[in-house]
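Input: a single structure, listed below in structure tokens.
The values are calculated or read from the model by the stated rules, or taken from the named source; none is laboratory data. This is a predicted model, so every value here is computed, not measured. Here the Cβ positions follow ideal geometry from the backbone for every residue, glycine too, while neighbour counts run over all protein chains shown. Each accessible area value is taken on the protein alone, full model and side chains, heavy atoms only, with ligands, DNA and RNA left out. Shrake-Rupley method; radii C 1.70, N 1.55, O 1.52, S 1.80 Å.
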Amino acid sequence: MRETYVLLLWCGNKKKCNMKFSELYRLLEKNGWYMERTKKHKKYRHPILKGMIPIGKHKSQEVPSGTLDSILKKAGLK
């Protein structure tokens with residue numbers, strides 16, 4: 001889980017962590033999450049962990065900081 005460690009160091013000293021949706025998709029997929037396509041949101045599931053994470057379809061836009069924190073906590077990356 002090298003990517004997780006790098007992410008925590010990168011965001012650790014900042015109040016806001018800037019990340020685009022496309023970068024978030026890649027990070028989740030590297031950590032074992034897979035995508036199920038739907039109409040409004042992309043829904044990510046993990047083969048071992050319970051639950052689902054819905055994420056908007058905005059590849060080039062930045063993820064709001066509160067939303068990013070929530071997603072990373074649900075994914076077990078923060």
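Key figures for this structure:
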| quantity | calculated |
| --- | --- |
| Surrounding net charge for P54, when Lys and Arg each add one and Asp and Glu each subtract one, Cβ distance under 9 Å | +3 |
| Whole-number accessible area per residue in Å² for region 19-78, which is evaluated in the context of all protein chains at 1.4 Å | 65 |
| Stretch gain in nm, segment T67-K50, where the contour uses 0.36 nm per residue and the Cα spacing is subtracted | 4.2 nm |
| Violating pairs (Cα-Cα greater than 19 angstrom) within the set K20/K73; K20/K57; K39/K73 | K39/K73 |
